[in-house]
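Everything on this sheet refers to the single structure shown next.
No lab work stands behind these numbers, since they all come straight from the coordinates. No experiment lies behind these values; they were computed from the predicted model shown. Cβ: placed from backbone, ideal geometry, glycine included. Neighbour counts: every protein chain shown.
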Amino acid sequence: MNTTDFINRQWPVLQLDQALSQNLELLKSWEKPYMVAVIKGQYAGVLQTSFYWRHVTEKGPISRKDALKQLIDHRWPAVTSGETFGSDLLETISTPLIPVVDEKRTYLGVVDQKAVKDHLQGKSVLAMNATTDAGSFQQHLLDILNCLDVGVFITDHQGNALMINEMAERTGGLDAEALIGRNMAELVEAGYCSESVSLQVIEAKQPVTMFQKLGDSTELIVTGKPYFENQQLKMVITTERDMTEVRQLEQQLEAYRQKTRQYESELEYLRSKNIVTDNIVMESKAMKEVVDLALRVAKLDTTVLIQGESGTGKEILADLIYRNSSRSHGPIIKVNCGAIPETLMESEFFGYVKGAFTGANREGKLGYFELAHQGTLFLDEIGELSLYLQSKFLRAIQEKEIMRIGGTESIQVDVRIIAATNTRLKEAVQAGAFRSDLYYRLNVVPITIPPLRSRKKDIQALVLRFVKRFNQKHGLQKSWQPAAFDVLLRHDWPGNVRELENLIESVMVTFKEQEITPEQLTHQMKHLDISDVDEEKKTPRKISSLKEEMALAEKNLLATLYLRHRKASALAKVLQVDKSTINRKLKKYGIQP
């Protein structure tokens, strides 16, 4: 006894090399737990239909061939035609369905392992039927069919009704007694159904699925399958399901999808709000408009120019745009153009090849543009670039390619540019200090951050944020008296948020009391030469000697610039003096912390 004795050649198969729609239609009509898959006639594996329906329910309908192929179990074992079935072979195969192939892996059919085992044990259905009278067996079979939640309608090879279960009796308006023995052609003519799937199966000798309308206006989706004995058609077994149930399932599925889309939308909204809350304070209308524009622009892969006074938070806004962009999984390279010596600027941005110049790294070096490939390059103080470098930047942005120093080949770079400046670039263009073509390339989407003096509604929220941060940083538990906010609101904050942040940290670490008071704040502002605007208006300061006035002016200038730039080298460049001079004067006036 071998595989050919039990092979079923009528088992429907998924043709993975054919149109996806044909396979999906076949799956809709298939009610058994397994379906064989082939590619150009070669056995490819088995699909467990429960996996398919679970995928449809959880992830939606399949729209690509590859997605269907991923559900196939390619390791499902097959046997070669002609192999002898015995207990040894069956013990090595645990799958209920056994595909049969020839020596070239061409698919031939399937074998039901249970039927083989039953036969080997002498317990096949035929053996059971031989010891039971026909009427009793038929009733036993009908009782089994009545357990199903789908209608079952069985006809002989000529279309005469043989058996109908209870679910099938519920539709069409006729019971089993009125249907058994009648031909389907007669029932169609009598108006019981619009057309008969059984008659179509008899004609086609293969499974057929169709929509059927019954005389009582019930709509069904029906699937008829032929049953062969010795390659001769013996019966047609039809299963039917009320379309009302199908539509209810479709409605439930659509409702589930809509709910999923709603949750996804809400989750995306909450994510964006959380990002904003975690990084940017925006109590004022002006800052809310800035953040809203930044979030909208973030999704678009375009160049952004952030403008604003020093200390307003341009880098923080650039971070926000980066994290909400499609490049958030790529690198972000942040460069302060004003902090790089001009002699090194070209090699830092564009890199150099091996042996490009004396003192160069022997292996060469990647520049910032290459390091930011498929990511974002944030260029702070873009106005500090020389005209020569501006031309190279223009080519890199325009052509998306660079050339290393000493190199002979162009290198493609995919970089999003976010530039920032605290100067008026348009005025620099008019003065000939900045190329107009580069300006227009950068100024695709301009975002201007307002100074703190024009959005004082943000001050209280900023202070609370800084107090929490510095408490964590220094291991403190300081709190803030509400009256102290009034002191801060009277100041114009020329150093913007950075100046406010510096003051908050200074007053928190200077005084030992747990609560920050207006008196402590006023004292520290005087110590740092941060003037109270109202006090200046009330009490004009007494003029001292010329030497003292010159020293005070120098101290105020250095203090203000240090709050903006935070580096002695940057101050030296702005004031056009040596860095050593700046360091000496900062130490003299006690400005450097």
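Below are the figures for this structure:
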item: ASP112 paired with THR510, simple spin-label distance in nm, labels 7 Å along Cα-to-beta-carbon; result: 9.1 nm
item: Ordering of 462-474, 33-45 by burial proxy (mean other Cβ atoms within 10 Å per residue, highest first); result: 33-45, 462-474
item: Interchain or long-range residues, amide H under 5 Å from LEU14's placed H; result: VAL36, ALA37, VAL38
item: Filtered chymotrypsin sites (Phe, Trp or Tyr not before Pro), region 323-357: DSSP coil and at most 10 other beta carbons within 10 Å; result: PHE357
item: Positive-end residue, the chain charge dipole about Cα centroid, Cβ charges, pick of LEU377, TYR52, GLY224; result: LEU377
item: Translational diffusion of region 295-453, µm² s⁻¹ [Kirkwood Rh, Cα pairs; Stokes-Einstein; 20 °C; 1.002 mPa s]; result: 133 µm²/s
item: Lys/Arg +1, Asp/Glu -1 at C-beta; the chain dipole; positive extreme among LEU320, GLN307, LEU586; result: LEU586
item: Kirkwood hydrodynamic radius of region 361-404, Cα pairs, Å; result: 11.8 Å
item: 222 nm mean residue ellipticity, helices alone, for the chain (DSSP H n ≥ 4; -39,500 (n - 2.57); rounded to 500); result: -13500 deg cm²/dmol
item: Shape parameters for region 31-80, alpha-carbon atoms, Rg then Dmax in Å; result: 11.5, 37
item: At R0 = 35 Å, FRET efficiency that the Cβ-Cβ distance of ASN471 and ASN583 yields, to 0.05; result: 0.65
item: Residues of type lysines that LYS234 reaches as a straight line, Cα spacing below 29 Å, ignoring anything fewer than 8 places off in the same chain; result: LYS28, LYS32, LYS114, LYS117, LYS123, LYS205, LYS213, LYS225
item: Length added when fully stretched, ASP437-ARG453, from 0.36 nm per residue minus Cα-Cα; result: 2.5 nm
item: Net +/- balance of residues flanking GLU346 in space, Cβ distance below 15 Å, scoring K and R +1, D and E -1; result: 0
item: Theoretical FRET efficiency, 1/(1+(r/R0)^6), r = Cβ-Cβ of ARG247 and ASP292, R0 41 Å, to 0.05; result: 0.45
item: Expected-Rg normalisation [2.2 N^0.38 Å, Cα atoms] applied to the chain; result: 1.63
item: Dipole-positive endmost among GLY330, PHE211, THR408 within the chain (Cβ charges, Cα centre); result: THR408
item: Magnitude of the charge dipole, the chain, Cβ model with Lys/Arg +1 and Asp/Glu -1, debye to 20; result: 4100 debye
